[in-house]
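Data block below; observations after.
The values are calculated or read from the model by the stated rules, or taken from the named source; none is laboratory data. It should be emphasised that the depicted structure is a prediction, and the values quoted were computed from it without experimental measurement. Cβ placement follows ideal geometry from the backbone for every residue including glycine, while neighbour counts extend to all protein chains displayed. Only protein heavy atoms, including side chains, enter the accessible area calculation; ligands, DNA and RNA are left aside. Shrake-Rupley method; radii C 1.70, N 1.55, O 1.52, S 1.80 Å.
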Amino acid sequence: MDAIDTMIGMGRETIDMIVDAGSFVENGIPGFTLPCADYGPGAVVGSAKMDGRVCTIVANDAMPSNPRFPVVTSGIIGMEEGYKMAMAVYRSIEADAGKPLADKRPLLLIVDTPGNGPGKVEEIVGMNKATGAYQLALAEARKTGHPVLAVVIGRAISGAFLCHGLQADQILSLSDKYGTMIHVMPLTSIARITKQDIEKLTALSKTNPVFAAGPEFFFRLGGVEEIIEAPDAIRDCVLKHIDEIYRLKAERQTDRLGPWGRGELGEERGGRVTRKAVMQRMNEQFAAVADRYLRA
Amino acid sequence: MSTWHTLQERSFLESSARQRAIGLVDAGSFSELVGPLERFVSPHLPILGEAIEFDDGIVTGVGLLGKHPAIVISQEGRFIGGSVGEVGGAKMVGALKLALSIFESLQQGSAAEAEARRPIVLISFETGGVRLHEANAGLLAHAEVMDLLQDLRRKVPVVALIGSKIGCFGGMGFIAAATDVIVMSEFSRLGLTGPEVIEQEMGRNEFDASDRALVFRTTGGKHKFIMGDCNFLVGDTLADFRRQAQHVAQMSMIEIEGMRRIGSRGAVERQMKLVAFAADLRPRDSTDMWKALGNKEPQQLIAASEEEFQKIAVRWNA
C-alpha cells in the first residue's frame, strides 16, 4: 500500500478502514429512510460492525455536490445533510430504546468538513436549524447512554465542527502530519476582521492554544482527547475509546465526557483556567441572594 | 425603581445589555452575578493589544417574573460585536448550570411549589458567535451551552429574545434555534452566516450585503415569523419583551415543548418538508417564499405594524 499523506476527502475510505471488513451498510439504520436517493449527498450515514458490535456511522463525503443546493460541495454540511445526520441519530436512539447501557450502539462520527452551507437560500430557510437539530440529536444520544465518539481525519472547521464533532463524548484527531485542520477561521481572515497584523497573529498562532489552529492546540484546551499518530492506528484507537466511554457511562462518570468533560480536561491540561473560576464565583454570589429568589 | 419604570418604555434595540437585563424582569428584582466589579476579564485580549471590559461583554444574573426565578443572560454588542470568548462563554454556561441546579433544588420541595416557582432562562442575543481573538475557547464554550440546553429540556423553559442591533449569528445562531421559544422584534435578525460573509464567500450575485432591505427580508423578525422560527413577534420596547417573557413563564412545559422548531425526530421531519419546499421553489428572495405560502402582497406585509402583520401573515405550517 502506498504511504498516505492526507485523509482529507477520504470519509468513505476511512469508514472501511475502521469498521469490520465489508460490514458497512449505507442508510442501513432501522427505520431510516430518505426522501430521495441523493438526499444530502455530502453526508454518509449507515450501520456497520466494530469488533462484531453494531454501530452507527456518520461521516462527510467531500466528493459529491448537492444537486438542489449548489453551495453545498466539498464536504460542507448543508440543510439536507444536517437533517439527514440528525435523523440517523434519532433512529439509532429509537432502535435501542429501553435497552441497558451496555447494549446501546455506539455512534462514530468521522469528521472532514469545511463548514455549513453559506448561501442565501440557506439563510431564508434557516441553516441554523439544521446544524442545531443535529447537535441536539447527538446530545440526546449521549445523554441516553450511547457512546458518541468523533474522529477528526481532515477538516474540522468552526460551526461545522460544532455541529459534527463537538457534541461527542470524546474527540480523537489524526495528527496534523496528515494535514488535519481544526480551527474557526484561517489566519488571513482573522487578521482582516480583527484588524490585527498578520505577522503578529502568525507568531502568536504557534504558541497560544486559545488562538492557534490545529489538533495539538485543541488537545491542550481539552478539546481533543487523544492524537492518533497514523491512519493505520485509527481503528485500534477508536475501539479503545469506545470501550472507555462504555466504562465511564457504566460508572456514571458522565461529567468526564462530552462538552462539560472537555471543559474539565481543558483545566487539567492548563489550557482554559478562567472558566471554572467564573462559574464558582457565580454559584457563590447566587448562594448569598438565593432566599430572595427561591422563597419570594 | 424609577430607573426600571423609565427602562420599560425604552427601545430594546437602543438599550445596553445591562438595561435589557434589568428591564426584562420585575421591578428591582435583578441581581447581577459575576458583574463588572468582579473583574473577570479576558486573559487573551491583552496579548493582542485589545481593550478589555470588566464584564467581558455579557451580563448574567437573576431576577423574578412573579414567583419564577428568571436567569438572565444578556449580550452586549458594543463590545467586540457581542462575541463569545472564554470568560463570556463561562458566564453563559455557569448561568445555565445555575438554572438547572435551581430547578433541581426546587424539586426537593412540594410539587406545587416547584411548579409555581419553575425557573425560566432569558437569553438576549446580540452576537456574531465566536470571538476570533480567542476562537478555540469560544468554540468549546458554544458546545457547552448547547449541551446544557438539552439538559434543561422539559424542565426549565429557555427563551431567546432577539431585539438587538446586531441580532444573532454564527454559532449563536444555532444556539438560539435550539432554545424552546424565540421572541423577536421586526428590527432584529437571526441567522447563521451573516450577509457580509455570504457576499465574501459566494460573491455579490449571491448576496449584496449593502442592500439593507434584502438583509432584513432574509433574516429579520418578520421573515422568521413567517418561517415559524420566531414564535412571537413583539414591539421594540423593553416592556414588550418582558410581557412576552412573563407570558412564557406561565405556560405549561408541554405547551412550551410544542413551540420548538427542532429537538425531536418529528420536528426534524417537519423541517425536512420545508427544505424540500425550498428546493422545489428555488427562491431568489424571501418574498418568493412568502408568496408561495399564500402571502399575496409582500410589500404590504413589509409595511405593516407588527400587530397587523401577525394578523394577516400566512406562516409555514408542515
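Evaluate the following for B:Gly63: is it within 10 Å of chain A (Cβ to nearest Cβ) and open to solvent by less than 40 Å² (accessible area, probe 1.4 Å)? Against the criterion (within 10 Å of chain A (Cβ to nearest Cβ) and open to solvent by less than 40 Å² (accessible area, probe 1.4 Å)), B:Gly63 qualifies. The set of residues in the stretch A:215-261 being within 14 Å of chain B (Cβ to nearest Cβ) and either open to solvent by 10 Å² or more (accessible area, probe 1.4 Å) or more than 25 Å from B:Ala135 (Cα to Cα) (or both) consists of A:Glu216, A:Phe217, A:Phe219, A:Arg220, A:Glu225, A:Thr254, A:Asp255, A:Arg256, A:Trp260. Please count how many residues of the stretch A:54-80 are under 26 Å from A:Asp20 (Cβ atoms), open to solvent by 10 Å² or more (accessible area, probe 1.4 Å), aliphatic (A, V, I, L, M) and in contact with a strand residue (DSSP E or B) (Cβ under 9 Å, 6 or more places away or on another chain). Number of matching residues: 2. For the stretch A:81-98, a residue qualifies if it is open to solvent by 10 Å² or more (accessible area, probe 1.4 Å) and not in a helix (DSSP H, G or I), and the qualifying residues are A:Ala97, A:Gly98. Here B:Gly170 clears all of (1) out of contact with any helix residue (DSSP H, G or I) (no Cβ under 8 Å at 6 or more places or on another chain); (2) within 8 Å of another protein chain (Cβ to nearest Cβ) except the condition numbered (1).
Restricting B:Ser110, B:Ser29 to residues that are of a type in the set (Ser, Thr, Tyr), over 21 Å from B:Gly163 (Cα atoms) and surrounded by 17 or more Cβ atoms within 10 Å (Cβ to Cβ) narrows the list to B:Ser29. I want to confirm something. Restricting to the stretch A:156-199 and keeping residues that are open to solvent by 10 Å² or more (accessible area, probe 1.4 Å) and under 11 Å from the mean Cα position of the chain (by Cα), which single residue is farthest from A:Gly132 (Cα to Cα)? Among those that are open to solvent by 10 Å² or more (accessible area, probe 1.4 Å) and under 11 Å from the mean Cα position of the chain (by Cα), it is A:Ile157. For the stretch B:196-226, the tally of residues that are outside any helix (DSSP H, G or I) and touching a helix residue (DSSP H, G or I) at 6+ places or on another chain (Cβ under 7 Å) stands at 4.
Consider the stretch A:127-152 and keep the residues that are β-branched (Val, Ile, Thr) and assigned to a helix (DSSP H, G or I). The one that is farthest from A:Asp255 (Cα to Cα) is A:Thr131.
Out of B:Leu122, B:Leu100, B:Leu152, B:Leu161, I need the residue that is more than 7 Å from chain A (Cβ to nearest Cβ), within 22 Å of A:Val289 (Cβ to Cβ) and either of a type in the set (Ser, Thr, Tyr) or crowded, with 24+ Cβ neighbours inside 10 Å (or both). Which one?
Numbers: B:Leu100 fails: either of a type in the set (Ser, Thr, Tyr) or crowded, with 24+ Cβ neighbours inside 10 Å (or both); B:Leu152 fails: either of a type in the set (Ser, Thr, Tyr) or crowded, with 24+ Cβ neighbours inside 10 Å (or both); B:Leu161 fails: within 22 Å of A:Val289 (Cβ to Cβ).
Result: B:Leu122 is the single residue among B:Leu122, B:Leu100, B:Leu152, B:Leu161 that is more than 7 Å from chain A (Cβ to nearest Cβ), within 22 Å of A:Val289 (Cβ to Cβ) and either of a type in the set (Ser, Thr, Tyr) or crowded, with 24+ Cβ neighbours inside 10 Å (or both).
Answer yes or no: is there a residue in the stretch A:165-186 that is assigned to a helix (DSSP H, G or I) and either of a type in the set (Gly, Ala, Ser) or facing chain B (nearest Cβ under 10 Å) (or both). Spell out the reasoning first.
Pass one, the stretch A:165-186, residues assigned to a helix (DSSP H, G or I): A:176-178.
Remaining after also requiring either of a type in the set (Gly, Ala, Ser) or facing chain B (nearest Cβ under 10 Å) (or both): none.
Within the stretch A:165-186, not a single residue is assigned to a helix (DSSP H, G or I) and either of a type in the set (Gly, Ala, Ser) or facing chain B (nearest Cβ under 10 Å) (or both).
Which one is farthest from the chain's Cα centre (by Cα) among residues in the stretch B:32-60 that are surrounded by fewer than 19 Cβ atoms within 10 Å (Cβ to Cβ) and in contact (Cβ under 8 Å) with a residue 40 or more places away in the chain? Among them, the one singled out is B:Leu48. Restricting attention to the stretch A:99-123, the residues being surrounded by fewer than 20 Cβ atoms within 10 Å (Cβ to Cβ) and either aromatic (Phe, Trp, Tyr) or free of Cβ contacts under 8 Å to residues at least 40 places away in the same chain (or both) number 3. Residues in the stretch B:74-92 that are touching an Asp or Glu at 6+ places or on another chain (Cβ under 8 Å), farther than 19 Å from B:Leu48 by Cβ and within 9 Å of chain A (Cβ to nearest Cβ): B:Lys91 alone.
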